[in-house]
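Have a look at the structure below, then the notes.
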Amino acid sequence: MFTRAVNRLSRKRPPSDIHDNDGSSSSSQQGLMSTARWATSLENLLEDPEGVTRFREFLKKEFSEENVLFWLACEDFKKVEDKKQMQVKAREIYMTFLSNKATSQVNVEGQSRLSEQILEEPHPLMFQKLQEQIFNLMKYDSYSRFLKSDLFVRHGRTEEEEEEILDTQTPPKRASRVYNT
């Protein structure tokens, strides 16, 4: 039932590029129907801060939140340009997620683990292979369960209710103003 509603609603309004008459984005409409976007791909889910929050909430219950935290840390790491900061961040990622003593160890193939020596000469893509492993683990395991979870379904129903309220409260806007008088 909810899946049909998500499909119907995702066709109803494009997920992005919703603009008011003045060309600015409509924040009230952009936030709506995020579950429809999340349901299309894990990439879309991870691009949305609210989606990441909900997914983390779900993964916490499954005792696998470290996967998305590692993925996010790797994304941030790729953006670091300063060599010293890169060394600090690389060591932090290693100690938190990859070492044998890691506080939030991720489940990656043993031969892919980095040794501490490589942390001395870090580069932006040094965690790429491991990040891809974790992404695939989430995509083919946790993500499909998330889409079926009560948390996801409840969030979608809440959005649907909010849209119904908005539809009854806001007057229709003209698509564009052709004439300026």
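The values are calculated or read from the model by the stated rules, or taken from the named source; none is laboratory data. In this text the structure is predicted, and so the values were computed from the model without any measurement. No Cβ is skipped: glycine too gets one built from the backbone with ideal geometry, and neighbour counts run over all protein chains shown.
Over 12 Å from the mean Cα position of the chain (by Cα), closer than 24 Å to Met33 by Cβ and not hydroxyl-bearing (Ser, Thr, Tyr): does that describe Leu72? Even if it seems obvious, please write down each step before you answer.
Values: over 12 Å from the mean Cα position of the chain (by Cα): no; closer than 24 Å to Met33 by Cβ: yes; not hydroxyl-bearing (Ser, Thr, Tyr): yes.
It is false that Leu72 is over 12 Å from the mean Cα position of the chain (by Cα), closer than 24 Å to Met33 by Cβ and not hydroxyl-bearing (Ser, Thr, Tyr).
List the number of the failed condition for Ser34; all other conditions in (1) loosely packed, with under 14 Cβ neighbours inside 10 Å; (2) among the hydroxyl-bearing types (Ser, Thr, Tyr); (3) modelled with pLDDT of 50 or more hold.
Going through (1) loosely packed, with under 14 Cβ neighbours inside 10 Å; (2) among the hydroxyl-bearing types (Ser, Thr, Tyr); (3) modelled with pLDDT of 50 or more one by one, Ser34 breaks only (1).
If you take the residues of the range 40-70 that are of a type in the set (Gly, Ala, Ser) and over 19 Å from Ile93 (Cα atoms), which of them is surrounded by the fewest Cβ atoms within 10 Å (Cβ to Cβ)?
Per the criteria, the residue is Ser41.
What is the residue count in the range 77-101 for residues that are outside any helix (DSSP H, G or I) and of a type in the set (Lys, Arg)? Quick ask: steps written out before the conclusion?
From the range 77-101, those outside any helix (DSSP H, G or I) are 80-82, 99-101; that's our starting set.
Within this subset, residues satisfying the condition of being of a type in the set (Lys, Arg) are 101.
Of the residues in that region, 1 qualify.
Quick one: which of Ile165, Ile134 is of a type in the set (A, V, I, L, M) and modelled with pLDDT under 95? Break it down stepwise before answering.
Values: Ile134 fails: modelled with pLDDT under 95.
It is Ile165.
Could you go through the range 96-105 and let me know if any residue there is surrounded by 13 or more Cβ atoms within 10 Å (Cβ to Cβ), in contact (Cβ under 8 Å) with a residue 24 or more places away in the chain, within 22 Å of Glu47 (Cα to Cα) and among the polar types (S, T, N, Q).
Looking for residues that are surrounded by 13 or more Cβ atoms within 10 Å (Cβ to Cβ), in contact (Cβ under 8 Å) with a residue 24 or more places away in the chain, within 22 Å of Glu47 (Cα to Cα) and among the polar types (S, T, N, Q), one finds none in the range 96-105, hence no.
For the range 106-131, how many residues meet the condition of being at pLDDT 90 or above and loosely packed, with under 15 Cβ neighbours inside 10 Å?
Quick first cut of the range 106-131, residues at pLDDT 90 or above only: 106, 122-131.
So of that shortlist, the ones also loosely packed, with under 15 Cβ neighbours inside 10 Å come out as 123-125, 128-129.
Count: 5.
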